[in-house]
DNA sequence: TTCAAAACTAAGCATTTGCTTAGTAATAAT
DNA sequence: ATTATTACTAAGCAAATGCTTAGTTTTGAA
């Protein structure tokens with residue numbers, strides 16, 4: 001992997017410090033998280049940060065990848081393995097609330113937070129990572145909807161669109177509403193499907 | 001209104017420059033909007049800004065009030081005057097998409113954007129303004145739901161919760177999804193009510 | 001044991017942030 | 001016309017931002 005000879009060993013594991021950075025970005029967003037804050041949270045010097053990840057933007061990009069990996073393990077894989085059709089999607093919604101739990105209120109989804117914060121002037125690399133992730137989730141939702149053989153493809157497409165937007169809604173709403181209101185939302189959302 | 005004698009006249013109308021500030025905050029969010037950007041957009045000097053509104057936070061607070069006023073005129077009053085029950089709420093959803101239109105994608109709702117950006121460490125004054133606004137919308141939604149005499153109060157409460165979260169969802173989703181996906185969302189969202 | 005490569009520490013860089021202040025111009029009352 | 005009061009311009013402030021660099025320590029290979 002490393003072609004050049006290693007003179008002095010790194011005193012940290014990049015994957016480990018990135019997970020800490022990710023949690024900070026998740027709680028605070030991109031702009032509000034300063035390099036000094038990252039330094040403290042990651043437990044490494046700015047020099048090390050820049051030599052490992054290039055710049056703040058690089059740290060963020062790796063944090064996003066870390067988030068995707070975590071979400072895949074704790075959310076998407078469960079959805080994939082579910083065998084109860086739409087009910088599995090509903091469980092995904094409930095799992096997401098647990099996944100994004102913080103003190104009292106929730107942190108939302110890091111990727112949704114990012115789109116919401118940076119909007120259209122988010123850079124293209126980050127944006128494509130986000131779109132890839134969203135597309136992936138959507139495809140799994142479609143697969144679960146397809147287990148109901150009654151549904152035609154147009155209905156499935158519409159319902160998948162609907163569920164994706166609902167998921168975004170849940171992400172933001174979980175940052176300001178109480179548990180009960182979120183559950184009312186999930187239950188109502190799945191009533192018509 | 002003004003008790004002290006006016007020595008030199010202000011060269012700007014506070015309401016006018018605040019509307020410009022509001023649009024800037026709406027597009028960019030609180031942190032990303034710098035005082036220098038506000039200066040340019042509002043067309044007044046920093047000194048004038050600070051003497052009129054105290055600080056950046058004050059400009060933002062007035063911008064929020066301005067947004068609420070605009071939303072009331074263009075959205076809430078229409079909802080209030082509607083006589084077709086749930087259909088009126090649905091029209092509110094469609095009107096919101098128009099209301100928050102920008103270049104290509106949408107700007108979302110300024111208040112939702114703010115909660116999403118500042119989260120729990122948004123200051124209490126701003127937070128209470130936001131909550132007051134959300135409560136107001138919710139009460140109007142409930143009124144429209146109540147026109148259907150078949151529905152008991154528990155159902156109405158649950159459906160109102162559901163619609164409020166859906167509205168948040170629409171706000172965020174409109175910043176990243178295309179028109180068709182948003183319409184699929186609205187149509188599906190109202191199917192079960 | 002020497003030495004070059006890599007990783008550390010810590011100080012410092014230019015720029016931008018929100019905000020202030022010194023000095024000048026305009027206005028209404030005397 | 002004088003004067004007090006307000007509003008303007010523009011320069012400047014400390015602090016924070018993302019990032020760099022000079023100097024030291026650790027390491028594996030010769």
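Bear in mind that the values in this text are calculations on the coordinates, not laboratory data. Keep in mind that this is a model prediction, so the values were computed, not measured. Here the Cβ positions follow ideal geometry from the backbone for every residue, glycine too, while neighbour counts run over all protein chains shown.
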GNM top mover of B:149, B:40, B:69 - chain B, alpha-carbon springs below 10 Å: B:149
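Could you list A:110, A:145 so that the one with the fewest beta carbons within 10 Å of its beta carbon is first and the one with the most is last? Display every interim value, and only then the final one.
Working: A:110 26, A:145 20.
Neighbour counts put them in this order, fewest first: A:145, A:110.
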Where only alpha carbons of the protein assembly as shown are counted, the Rg and the Dmax (Å): 23.0, 78
In nm, spacing of pseudo-spin labels at residue A:150 and residue A:187 (7 Å Cα→C-beta vector): 2.2
Label-point separation in nm, residue B:135 to residue B:123, each point 7 Å along Cα→Cβ: 2.1
Helix A:56-71 vs. chain A, principal-axis angle (Cα, 0 to 90°, nearest 10): 40
Region B:1-71 shape via C-alpha gyration tensor axes, a/c threshold 1.5: prolate
With Cα atoms, 0 to 90° folded angle of helix A:153-173 axis to chain A main axis: 50
Axis-nearest residue in chain A [Cβ, rotation onto B], distance in whole Å: A:169, 1
Most mobile listed residue (A:98, A:62, A:129) in chain A, GNM with C-alpha springs under 10 Å: A:98
Radius of gyration, Dmax [region B:103-155; alpha carbons; angstrom]: 15.4, 43
Anisotropy class of region B:21-126 from Cα gyration tensor, a/c 1.5 cut: prolate
Highest-MSF residue in chain A out of A:103, A:155, A:147 [GNM, Cα springs under 10 Å]: A:103
Gyration tensor verdict on region B:65-191 (Cα atoms; rounded if a/c is under 1.5, prolate if a/b is larger than b/c, oblate otherwise): oblate
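How high is the relative contact order of region A:14-191, given as a whole-number percent (alpha carbon pairs under 8 Å, six or more residues apart)?
Values: 131 pairs, mean separation 40.8, N = 178.
Computed value for region A:14-191: 23 percent relative contact order.
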